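Report on one structure; see the data block that follows.
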Amino acid sequence: MSSKLCLPLIGCSLFLVSILNVVVVCRHISLATVSLSNQNEDYTFSITLKTSDSNSNKIDDSKILDEDLSSLEVSAGNSNLRSSHRVDAKKEDKSDGEEKFGKKNEKTEAKGNNNIAVTIKADDSGIENIAATRKAGESGTSIQSINKNGGKDKGKPITKDGIETKEIVKTINDVRVDEIVKRKNSTDIINSKNSTFVRHDNVVIATKIHGAHQWSLLVQSMCLLHYAYNNKVSYDIVVFATEPVPEEEIKSLQKMISPTKFRLVVDNKGLQNEIASLTPAKHEAFLKMCNVSDTSNLTWFSKCSGNRLAYNWQAEFRAVHLWNHPSIWQYKTMVWLDTDGFATKPWENDPVDYFIKNDGVIMFDHFPQAQSKYWLQKRVYKAFNATICKLELSKETGNLEPTLGPEDRCQERGIPNIHGFFHITNLDFYRSPVVSNGLATILDNCFLCREPDDQLAVTAPAAILAPERSWEMRSKGFHLDVFHNFMLDGIDQAKPAGFIKYWEQKGRHTHPAAAAVCKVTDGG
């Protein structure tokens, strides 16, 4: 099975295909089709070059020099691969303005006459890494990385703050994820003012609680959201719980928000069963974190390294287990709202409609919210082949703007995070093999650790793979005033600060339909 990409080649450019660096020097050659295929234990890149110049004029084949076709060099872009392998190619014949050439190597010969075939040898770890990328290609997902080049310095990577900038392009089902959003609000497929309350297929609203002691908080949050938004579109609701909740409580909430479908899903096998199923490496790391030799007395409310295990589980669940959970597998778009996030007014426009029609990856209520620890940069690089040296929000378009670095840069810097309390996510993106495998790599051998958490999990892949499709809500015209931790949308200080007082003085007036039905008894 092969994954194909079409790339413009002008002058002398550096291209990173999959996890390998392919340097192609190609005078007069403007188009290359690159395919990756498996040849026994080695991997072959086939490149087809058409002979036309930048003005689409056919090039006299006498001007295509042998050295142009032979100057293809492959070097390792991953420490698991051998450092370099030089390849020579030669012209074989021509037909219809297209030079056709092939290269015989140790194990494979290009099939047909129109390819340069390059075989890369790798050690066991390298083969495993390439195979993971190839498997993603088989399911319609691939990665391509390109150094940004242009202007007088064509052929040299652009740098920002002395750091080499890379554009890492993600494709899902052969569609580049960065192609939809290189435009301003005025040229979006729809803008926020035109977003309508139309029910889309395969959308779910999700949240998480620990158990029955947080039930009143959940009921309050879901009731306020229902009358602010979901009564217009009636999206299914899935609530994940660490421990079961009495059936009568579930039925009562279902009745309140009817006809919306509601499910509560217990998201684990029980703490002791989860511990028993750990790999030896994870089990050893867990014992060390909790400073115990016997875990039999631990409960969800035990503390390890100063943090309650129940809280750490919700962070881990949301970071890596949520995306491929069978209870939401049928959905393609998820609205996540923490149970202590409260709608304070009816929504005037529909962020989900905007998000789907503009093909977003994530749309968040607030950025940035704190930073992940600097030592996670190494794992982020291992996961996505880049460090995040800087991450900002575009003042012009409202999307993430990253400055990415190579492995040896920015290891001392923390990573600004998307605030995890309220966001809309593209589940196909976050459950894709590239992202799922990357998030598992960031988690590493952690079990119930405080970090890495869900905020880094939504931030890192979006910032590296699809920043132009990662938007702040207010920047796109959605001023929803969702209350959370004494703030509105994570941006404005709520006055008064506590939610019960805020509701009494303001919320019940700005949200009258909810005030007539919802019991507001929890301050969050």
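Evaluating L439 against the criteria (1) over 18 Å from the mean Cα position of the chain (by Cα); (2) aliphatic (A, V, I, L, M); (3) not in a loop (DSSP other than H, G, I, E, B) leaves one unmet condition, (1).
Residues that are among the basic types (K, R) and farther than 11 Å from A463 by Cβ within the range 361-397 comprise K373, K378, R379, K382, K395, listed in sequence order.
Just to check your reading of the model, which residue among L480, L439 is surrounded by 20 or more Cβ atoms within 10 Å (Cβ to Cβ), out of contact with any strand residue (DSSP E or B) (no Cβ under 8 Å at 6 or more places or on another chain) and hydrophobic (A, V, I, L, M, F, W, C)?
One residue alone meets the criteria, L439.
Pairing each residue of the range 263-275 that is assigned by TED's automatic domain parsing to the domain that holds N312 with any residue that is of a type in the set (V, I, T) and in a helix (DSSP H, G or I), provided the two are 6+ apart or on different chains, yields C-beta distances under 7 Å for L264/I250. Of all residues in the range 237-254, those satisfying the criterion of being closer than 21 Å to A310 by Cβ, in contact with a strand residue (DSSP E or B) (Cβ under 8 Å, 6 or more places away or on another chain) and in contact (Cβ under 8 Å) with a residue 24 or more places away in the chain are V238, V239, F240, A241, T242, E243, P244, V245.
Scanning the range 504-524 for residues that are part of a helix (DSSP H, G or I) and touching a residue at least 40 places away in the same chain (Cβ under 8 Å) returns K506, G507, T510, A513, A514. If we scan the range 444-465, do we find a residue that is closer than 30 Å to S195 by Cβ and part of a loop (DSSP other than H, G, I, E, B)? For the range 444-465, residues closer than 30 Å to S195 by Cβ and part of a loop (DSSP other than H, G, I, E, B): absent.
Candidates in the range 408-436 are the residues that are surrounded by fewer than 22 Cβ atoms within 10 Å (Cβ to Cβ) and small (G, A, S); of these, the one that is nearest to N358 (Cα to Cα) is S436. If only residues of the range 340-358 that are assigned to a loop (DSSP other than H, G, I, E, B) and in contact with a strand residue (DSSP E or B) (Cβ under 8 Å, 6 or more places away or on another chain) are counted, the one that is surrounded by the fewest Cβ atoms within 10 Å (Cβ to Cβ) is D340.
Considering only residues that are of a type in the set (K, R) and under 23 Å from A319 (Cβ atoms), look in the range 369-407 and name the one that is surrounded by the most Cβ atoms within 10 Å (Cβ to Cβ).
R379
Within the range 495-514, which residues are out of contact with any Leu (no Cβ under 9 Å at 6 or more places or on another chain) and within 19 Å of W215 (Cα to Cα)? Hits for the range 495-514 are F499, I500. Taken over the range 468-477, the criterion of being part of a helix (DSSP H, G or I) and either of a type in the set (K, R) or buried (at least 24 other Cβ atoms within 10 Å of the Cβ) (or both) is satisfied by R469, R474, K476. Of the candidates A494, A460, the single residue that is free of Cβ contacts under 8 Å to residues at least 40 places away in the same chain and touching a Ser or Thr at 6+ places or on another chain (Cβ under 9 Å) is A494. For the range 171-225, which positions are of a type in the set (A, V, I, L, M) and at pLDDT 95 or above? Listed by number, the residues that qualify are V203, V204, I205, A206, I209, A212, L217, L218, V219, M222, L224, L225. Is there a residue in the range 359-367 that is assigned to a strand (DSSP E or B) and among the aromatic types (F, W, Y)? Among the residues of the range 359-367, at least one is assigned to a strand (DSSP E or B) and among the aromatic types (F, W, Y), which makes the answer yes. Here the range 210-269 is the region considered, the condition is being basic (K, R) and not in a strand (DSSP E or B), and the residue that is surrounded by the most Cβ atoms within 10 Å (Cβ to Cβ) is K232. Go through the residues of the range 349-359 one by one and say whether even a single one is within 21 Å of P452 (Cα to Cα) and hydrophobic (A, V, I, L, M, F, W, C). Checking the range 349-359: not a single residue is within 21 Å of P452 (Cα to Cα) and hydrophobic (A, V, I, L, M, F, W, C). Looking at the range 284-298, is at least one residue in contact with a His (Cβ under 9 Å, 6 or more places away or on another chain), crowded, with 18+ Cβ neighbours inside 10 Å, among the hydrophobic types (A, V, I, L, M, F, W, C) and within 15 Å of F447 (Cα to Cα)? No: zero hits. Can you confirm whether T196 is in contact with a helix residue (DSSP H, G or I) (Cβ under 8 Å, 6 or more places away or on another chain), among the hydroxyl-bearing types (S, T, Y) and surrounded by fewer than 20 Cβ atoms within 10 Å (Cβ to Cβ)? Here the answer is yes, as T196 does meet what is asked.
The values are calculated or read from the model by the stated rules, or taken from the named source; none is laboratory data. Please read all numbers here as calculations on a predicted model, not as lab measurements. Note that we place each Cβ from the backbone using ideal geometry, even for glycine, and neighbour counts take in every protein chain shown.
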